[in-house]
Each structure stands twice: as structure tokens, then as C-alpha cells.
């Protein structure tokens, strides 16, 4: 030790004190700007929905289709529908209050909907007395096939039964009827009844529906919200004075003609046949074309895309799509162009089914791809001339007998490239919605055969083997299944584009650059919108960063036009001004996101098998608190299985508008006759999801006031999925996002109880006596 | 030197059982302990039973874990294994992400050596003065400040306020010799690309290096002072050798423990990379391992573990060889 | 002046150590001369200050030690006088290892285990300009080691310290210290750590050097047998002071100072049964609070009145026989 030790000690002490003060100040400042983790994978980033009203149905039709029935009473579910008469549908009706007669043994249930009354009951049941006020009556009658219907605990959650393992024959009959009904108006009324029943039974506790909120710089114009497709970037523009900010990637900069998104994650795959998430679908919507699509924010009106016209046979088991001509696919990796025809379209759908990857079920469940085929325009014309083909488009609902007539109905006069015929296993009202999903974007067959090493040089042979697409099953020799399949591996790395953009370059988990597609078939759209042969946004760049704080900084710096920001940080960036300009960050609620959140009850076990208990728990749920605390106010009430924006959503007819009411909850517990102290409720959520953890804690604090012992447990996501496949849990919190815009995508997995029917028929009547007659026979 | 060669060969042979052991244990924990991941891979709630079954078959998930492990290693080493979550071959991903982590780690390491060692020496030479005290407090901060806090602070300064750095993309020149742009640009004397790489990596590397700088500075201070107090230093003075020559002796003696710790630090850099990579938007192995864990993609994760274990063992081997080069008393 | 041709002259040297416990007055006014070509020995118990004195000659005292005052003169050649105390750090550095070289007790402590013997030798030569570079030095190292009677010097050049035995290491150190042909070699207990046979070899070697090269040697030891063999002049130190200085035969024949007498008696002369070893009662004093007057008086069987009051001066009683004791001072005599 040296003699200078005393001097050194005080120096060290001073230095330590000063630096500790700095640390404390820094920590305090840090705590003031704490961040939450971003929402996890099961919930989308920032998407908005269109402001569609609660009961938007398509048009009020004057005549409904008349289709002949095909009755068969076999042990498998049969769906039959006979419409004999049509009557005028009243556009609006005032409820005072809406009629809701719940199911009861021996009786049919009666549910008043916006345009009708839906009566559902087993064959031979009685219709309780009511006044149908002149509104039409849709009657659904059923007979349960007791042998074919397995007990709920033997079925699989989400797959063959709803996750609550709840079964109501009445609800199941309605769900299947809605699934197989093709007439959109009748469908909508049936789904409204489904919605009302899902509220009445409350097998799942409907917590809420997300409010879609956008954040973007005020120099961005024209953003809109589409829940499953995302936005088309060529329809969005920017103020020409938008600042130019270099990105640090090559020479790219964010400016008025470059649209930059700062977000997290990475698309699951560039091969649409594998991709089953919103990020990838957003990209496919911009680089690809599907048979049909939605224009901008619409979720109800399908318009032509690859298909310029479509029609179907009487009972909706065969669909025909006339393919647009002159659609080019651009391969940026070899700078080559391919022309699309009907064979490519069928090949695309066939391949999705064949590869059997994540989204394939949407094709394989409904479409028999191997029985589907392609044909020339003249072959199609011959079929049309037989008078067995029908059209539902715009105001036209009826037979179509020639191709020219069909094209006239669709107002198309350009070239065509063949016709695709899809055979469905059963009629399915939502089949067009599925075909609007971006994962069905067309891939030219030759592109794969030109570039995938195992297929090089075999294109001509493959075409011949399949008779140019008439016999798609022959392609099985060339295309395999699974993750390691060569075309999947190839497309996974080298995507191709027919749409307004193509993928110019990307770096995994770092960035993706889209460039506008000079070969886009609809360049005239740009001409119309912008007066030039290119869109305003010539480049679209995705910047990826998994850290929310960094994303906020990137957005604030102007390197991005919009971004994925956690909900509780939105208020921090709202109104932030770009230095030296008048541009600010806008945070705007842009509509309702169909993604929903709910608590699953195990309804096989007590106490959840008692509907009053479920009701009580629903009244004991602090909804507003959850919306405010957990979602920063970006969530709203949900009363049933369908979200706002979907056919069937009608909050005016739900029997219980659940709000937080502990008194009512306790009354219901008393009425239910159970002793809550005998039961332990365990609330599960997936580890790492801080939002669900907070919800679980909030639920615990209120539910236990009813007298239950409530515990909260977190499980890893795969474990959670595994443990809830069977009714061996108590309750768990989970959400649901749409695969396609159709109520069956919700009602099926989340409400259907697995009932198999030996008889399932429905029809529309104008008088109760007719209805009863139908029901009793 | 023949002994050294034998030593190296012996050590290289131990790589194999170590790699197997490490990957096996990680595989065990990742694959066997949690639930069957096939459902998750197939889409979670929306998983279709067919797809789930196909995945179970393809990845042998219904077989005992050692069989699974065997197929995994086989597929991994033959480069046929495709991750069901990312869709890429595991080696492909490692190949893409490895250069980022290597560059980050190398530049971090250089910072640790170039800043930590001189700081330690200065601290030792100026023992008990205010300079020494300040350096020691800075070093203490280095090991106590959480990386992400420091990262956010510096991002706020250098990105938000000054705009000196970028948080997106990774500079890649059109040519490729080793696949690592930092090294390639030096080999090709492409100073423009080199500058771009430095510009992108210097801040994340500094953040990552900061705890290591603290550790090394303190260690160098202590070992240097230790060595300074060695007996032979006295005799160096007695022989009238100049100061610099004395420091040369001292430094070489101090290097032995420093080299060990530097080797450990390197491993620590690899481990600390995930957070730094995530915050700074660098698509490296660390970040890749993090996301694989979240998405239950244990195939990718074990692949990453394999590579990191390999790197770590190699670094340790180099450290041990350096040992023998520096200190002749070390025998193998 | 005892020496006609002195090589070292020390006058009134005081060295203090500033420790936590207090100030240790380690060297308390020491004066002596070393004549050119002679072997001058400093003897005494451990802790008496012999090493400190020898280090002070080239200002090799490190904190917490400090040369308080005193004069040290070095005569590299007859007539050329260098005031050690007035030299700059760089100038004294040049002297160390070149004009004045050291050998310490433990050769392991003198060598850096990470460098070869050859490197050690080379650097000692290179940094004093004896060779141009270390590379050259290594080439010459074998020669140097041979001179130090190292067996197989070529392979020893490439060897590391841990590969040599104690005796070899000491030879290497001796070689290093002699490589620059110093005028004065200071050997601080050079063989204490070695076994007797090696000890004999090394001492013979040093004797050879003295005879052949006229090497001036300052030998520090507590081994009276070695003193008898090697030394020309002996200075006995106790508690930081020289208590007696005399030519070697005179000292053995006629030890004057009570302490010296005690030392002589402590050395076993015969090997036989029933021989009790005599020891000097008491212990070495605490030098932070040294005893007043003569520092030996607490242990001195002859102590009397003035001993605890005033320090006895070192005065020459007989020809070149100096002693610092009140027993003799009264009797007069030259200083």
C-alpha cells in the first residue's frame, strides 16, 4: 500500500457517488418510458377493419333462387334445402323487443332476426306461439344420428368440436344449415340466429373484439382496412413533400414514392401454399392475384380478379371460373415473363392440396382437386347451353346459357384464357371467400418446371400426362408432399408475381423490398388513378425489427411511414411532429378487427356444464377494465361467436348484453343451485403473453368474489394446445383470427358441437302453420 | 512442437463427443420436456389433423427421443433438415445468420481488447489516483448495467438525435470470399464496404462489448499489478533495464490469465448477442435462437447450439494453444 | 580513508521505511569504503540491513523505502568520482547492470519464467549497448554462459528457467551479471538457497574471478564459514549500523564488539557430543522504536552506563580495525 492511498480513496468515493447519482436519474427516466412487449403471434399487429354496420347484408333481393332439393336420408349428415315459394323480404324491421324463445324439450326455438324469424327444432317438435309480423319464417328441422354422433370428450377441439366441448343440437343444426346454404340472404338470417344462440348459451365467454388502429405519418394518404387481405400499396399515396430519409440499406431511402413499414417477425413462407399468417398474406395480396378479391375495405362484395366471371351448378357443388387473358407473371430472379392460363390456376389450387401444408385444409376440406378440371371456352359454352348453370352476381340471380351472356353480366369484354371447373364435396357458401384469400394466388406451372432442378425439362410431359390440366391427378408424379418438397423449397426462396408488385430483394429477418411490377395486367388502373403507367409507390420496403422500442425510434425518425407499435405506446407517439415540418404521427381507430378474444369453459365438467354458472361468470367479468388496462382502450364488446363486419353479426337480437354486474352475477350463482366454494377454477394462458396474464389476473380478482377458488397458471403455447385438445382443463384464454371472411370460419370451429344428423332440412315459409307442417313431417 | 500437434489433435477429437453431448442435452430439454410441437408447427388452434399427422411422420415425433435425435442429427449434417417453422434448411439459415453474428462478435472483441486492456494498464500504472478510480468505476458499471438499457440510451443518442447510425439491413458487398463482409472487404481492399460495415456494427458491438471491457479492465489491472510485484521485476531493475522492457516482461506475464478470460469473454459475447441483435435489428444467430425458442422451433435452435458450441470449443482450443505459446511451463 | 583506490565510498547513509506501523529506521548512519579489487563482506543476522545497504548503493530502494540522507560515491575508474545521489534516473539505470551488477539469493526469483535464459542474457547486454540487438545477444549468450561454467551452454541458451536446477539457474544469473564486465559485483547471499556442493563450486568460481579479473565483490552473507574463505574485509552490521569492521583474519582472531563475539561463538567449531551451541540472548530490536543509544545494549552482557544514552561512534581502534562500542571508545583511538 502506498502513502498516496488516502488521496485515492476519496477520489474513488467521489467518482462512485457521482456515477451512482447518474444511474439513479437514468433509471428514473427509464421507468417513465417503460415499454411493454408487443402482442404475440396469435394476435395481429395493427390492422384495421372497415366500418361495416352491424347488420349489413348484401342486397335485398326480390326473388330468391329456386333450387331443387336432393333428399337423402343416410347416416352421414345430409343437408337438404327446399325453397318452393319466395316472398318479399322486408328491408327493415323494428324490434320491440326482438323475440327469442330458447330451445326447450319437445319445442322448436324461435329467434327473430333482422329480416326473418328463424325456427329450429327436431322433427316433430312444436313451434311455440308467436306473431311473425309478416316476416318470412326460415324453418330448420333436424334428426340427430345418435350412433354417428360421438360424445364430446371423444372429439378434438377446434377440429371436430368447439373448444368448450359444448353441444347443442339446435345450434349445430343451424350452423350446418348456414354452411351449406348458398343463398346469401337466407344464410345471413341463419347466422344471425347462430349468433344469438352463441350468446344465449355462452359456451365461450366472449371477452371482446379488437379495435383496429393505424399509426402513420400524416404525409400518407388513402390507407384503409381489410382484415384478411391487408392493403394494396399501389392504392396508397404520399404527400410529395414527404421527407427523404435514408434507410441505411444500400441506397434505399424513405420518400414520397417509397412506402416503408417497420414491423416484426418474418413471413412464414414465400410459397403461398405454406403460408398461413397475416404478414405473408399481406405480401401475396400485393404480389399476386386470386380468382376473386375484395376491393379495398369491402368484406362483403367480391369482385373479379383472375376470374372475370364465375358461375355454379344448381346445388353449388360445381363452380366455373372464366380466367382472364393476358395476365403475366414476372420472374425477377431470371427476368422472365410467363402468361397465365386456366391450367396454371388449377395447378395452383391442386398443388396447395397436394403439398398438404398449413393452409391446405381450406382447399382440401371443400374442394376435390383431383376431380376438378379445366376446359376451353367453347367446351364451357356447350355446358352453359344445357341450362344447368346459375349465376349470382350483382342484381342477377338465375340461369345463364351462354358465355357471352355470362361475360355481359360481369361486364367483361376482354380476352380470356380458359375455364377452371372446381368440384366441391358439398355445397359451401363461403367457397368464394376462401378463393379470395391470398394464399391461393396463382403460380405459373412452367415457372416451377423451368427452375426446380427435379422438374427441369419435364414441363411438356407433365402437361401431356394431365391432358393439359383436365386430369390434375397426373401431376402427383411430379409434385410431392411436405416441407422438403422441391417446388416448395424453391418457391420458399424465389417468389413470383402477377400482381401490382414483385419481390425485388430480401434479407431474412432484416428487410424485404417490393418493386412495382411493370408487367401487371391492370396497369390501366394506375393510368386512371395517377395518370401514369406506374403507381405512386414504386417501392415498398418492410423493415424488420423485433424490439418495439427500436421500432418506435425508427418510425419517429421518419425511416418508416407506419409501423407495428404496441397498443400501450400509441399515446406516446401520437402527434409526434417531424422536425422542420408540419407532419405529425396520426393514431387512428380505423374500424373493428374481426380478431376476437374469449375464455373457453370446459362445459363437460361442473360447474361449467351449468349455463347459469357461465352466465354468472360472464356478468362477473370486468370488461371495461380489461379493455382499458390491457388493450389501452382498443377493444370493444363482443356478444357472440361472430365479430362485427361478418354476416350474422346483430347485436340487437342477442338475449344477454353482458356487462360487469357483480350483483346480478351473484344472483345467478344462487339461482344455479351450486355451491361455489366447492369448485376451483383454473385459468390458463400461454406463457409470455403479458396481456392474457393481466386478463387472467383481473378475472381471478372478480370471479373469486362469487365464492369460487380461482387460480391462474401459464403454460407454454404448445403445451397449452396439447392440454386443451380434450376436455381435461378448467378454463383458458385464447383468441381467433379469420382465415376468410365468412361466418362459418368462426361458427364452425368455435361453436359447432359435433352433432351428426340423419335428417337436416330447411325452407322458408310465410305462415306459422306452413312452418309447423314442415317441422312436424 | 510435435507435442503441441498431438495436443491439438487430441483436443479436436474431443470436439465430437462434446458436440454430441451438448446437442443431445439441448435436444432433450427442447424436444422432450414440452408438449408435442407438431400442432403448433401446423398452425396452432387452426391446425388441421392431416397436417399434424404429416408433420409427426416427417419429423419422427412419435418415436423415442433418441431416435428423433438420430434423425435430427442425420438430417442436420446431411443438410436435408428443413425447419417446419421457417421453411428453410437449418444449415441455410445458419449460413445466412452466421456472418452477422461473427462480425458483431469480432468487432466487439476488438473493442474489448483495444479498450479494455489499455484501460487496465493505465489503471494499474496510475494506481490509486483519480484516473484509476474512474476507470474502476466505469468497469463496475460495465458489469452492472443491463445491456438493453445501455442500448436504448445509445440508440436514443446516436440514432434518434444524431442519426449517425442505422438500425436496418446489413451491408453486403456483391462479392463473397469467406461470406463475411468485414473480412471480405479487407481482403479485397474495398474500404467503402468496410466503412459501411463498421458504421452499421460499431454501436451494437460497443454495447455488447461494454461488460467485457469492464471485466477485462479490472482483470488487466489486477494481473498487471500482480505481475508488477513479481520477484523478477526487482532483478530487471537491478540489471538496469529500461522501463519499457520491464513492462514488456510484466505484460507477458499478465497475459496468461487475460488470454483465458478473453476466451471466456468470447463465449460470453456469443451468448449476449441475442438481445443486442434484436434491439439493433441485426439478423444474427443469437436473435435466430431467441425466435426459435419462442416458436418452438427446436430444430433450428439445436442447430444453432451446435454451431455456437463448435465456435466456443474452437476459441477455447485457440486459447489453450496460446497458453502454451506464451507460457513455457505449461505442459500437455 | 582506508582505501588508496576506493571504488565505493559511503558516508552517513540513512534509509527509512515508511510503513503503516510506523517509520522503520532501517539504516542508521552507515559509513564504509570498498577498495577496488577487494572482496568486502557485510555480515549480520537477517534483518540487520545488509541487503538494504547494498541496494542503496545504486538507489535500488523502492517505496515505502527512501534514502533519507547520506553520500554515496562510485569510482568506476581511479580518480573518476560519481555522486550516486545526484544522478538522474536514467543515469543510474545505466550504471546498474553495467558498472555495478547484482546477484540475489534466489535465482528463481531473478528470472522471468516466460523467457529463455538466452533472452535474459541478451537483454542485459543489449540494453547496455554491449551488443546491438537482442538477437545478437542471444548469439553471444552461449559464450557468456560458458564463462560462468555452465555445462552445455548452447542448449541452455534455449532453455527456460523451470528447466534448470537451482545451481544452473544461479550460474545463469552469475553469467548475466558478469556479461557486461561490471566493475563491482554485489552478491547478496548468493548460495544460501543452494546445496553445499554447488555452493562450493560457485564460491570457487567467484574466487577465480577475483583472482583472474580483479573483480571487486561486495558479498553479503550470514555464513561465517563463507566469510572466512572469501573475504578480505568484513563489516559486521547490527540493527542497521556497522558495529565492527576489520580485515578478515583480524576479525576472527580478535573480535572486539560484543555482538561479533557472540556471532563467533554461535558458529559450531567442533563436531562432537555435548557441545551446546551458544546463542545471543534476546532478539533483534524493533527498528520503529529502536533502543536509545547503542542499539545492541539490551542484549549486551557488557552494557554499562553510556550504552543506553548515546550512540557509540565507529572508531578505528587498531590498524583498519574499527568498532562502535563504548567499551573501546573511551580508550581513545582514531576515527
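Some points to look at:
- The protein assembly as shown, helix-only ellipticity at 222 nm - DSSP H runs n ≥ 4, -39,500 (n - 2.57), divided by all residues, nearest 500: -11500 deg cm²/dmol
- Distance between region A:410-485 and region A:283-302 - C-alpha centres, whole angstrom: 19
- Result for chain B in a Gaussian network model with C-alpha springs under 10 Å: among B:214, B:44, B:286, the largest mean-square fluctuation is at B:44.
- Label-zone membership for region B:285-326, site residue B:260, 7 angstrom Cα→C-beta point, backbone N under 12 Å: B:320, B:323
- Computed extension gain for residue A:663 through residue A:481, at 0.36 nm per residue and net of the alpha carbon distance, reaches 59.8 nm.
- Max mean-square fluctuation residue, GNM over chain B, Cα-Cα springs under 10 Å, options B:215, B:261, B:51: B:51
- With contacts taken as Cα pairs under 8 Å at a separation of at least 6 residues, chain C carries a relative contact order of 19 percent.
- Theoretical FRET efficiency, 1/(1+(r/R0)^6), r = Cβ-Cβ of residue A:767 and residue A:412, R0 51 Å, to 0.05: 0.75
- Principal axis extents of the Cα atoms in region A:407-495, from largest to smallest and rounded to whole angstrom, are 44, 26, 26.
- Based on Cα contacts under 8 Å between residues 6+ apart, region A:632-729 shows a relative contact order of 25 percent.
- Neighbour-count order for A:704, A:533, fewest beta carbons within 10 angstrom listed first: A:533, A:704
- Rg/Rh for chain C, where both radii come from Cα atoms and Rh is the Kirkwood radius: 0.98
- Of interest is the spacing of the C-alpha centroids, which for region B:271-327 and region B:115-184 amounts to 19 Å.
- Mean Cα-pair separation over length for region B:19-68, i.e. relative contact order, pairs under 8 Å, 6 or more apart, %: 28
- Each peptide in A:165-177, A:486-498 gets a packing score, the mean of other Cβ atoms within 10 Å over its residues, and the list from highest to lowest is A:165-177, A:486-498.
- Label zone of residue C:204 (point 7 Å out along Cα→Cβ, amide N under 20 Å): in region C:143-157 this covers C:145-153.
- Over chain A, the pair-distance histogram of Cα-Cα distances with 10 Å bins from zero comes to 3, 13, 21, 24, 20, 12, 5, 2, 1, 1, 0, 0 percent, rounded to whole numbers.
- Neighbouring Cβ atoms from other chains, within 10 Å of the Cβ of residues in B:132-139, number 5 on average.
- Most fluctuating residue given options C:125, C:237, C:264, as computed from a GNM of chain C linking Cα atoms under 10 Å: C:264
- Averaging 1/r across all pairs of distinct Cα atoms in the protein assembly as shown and inverting the result yields a Kirkwood radius of 39.4 Å.
- Gap separating the Cα centres of region B:8-67 and region A:614-676, nearest whole Å: 42
- For A:362-369, mean number of other protein chain Cβ atoms within 10 Å: 1
- Shielding value for C:92-99 is 3, the average number of Cβ atoms from other chains within 10 Å of each residue's Cβ.
Read the figures in this text as sums done on the coordinates, not as results from a lab. Remember, it's a predicted structure, so these values are computed and weren't measured experimentally. Quick reminder, even Gly has a Cβ in these numbers, built from the backbone with ideal geometry, and neighbours come from all protein chains shown.
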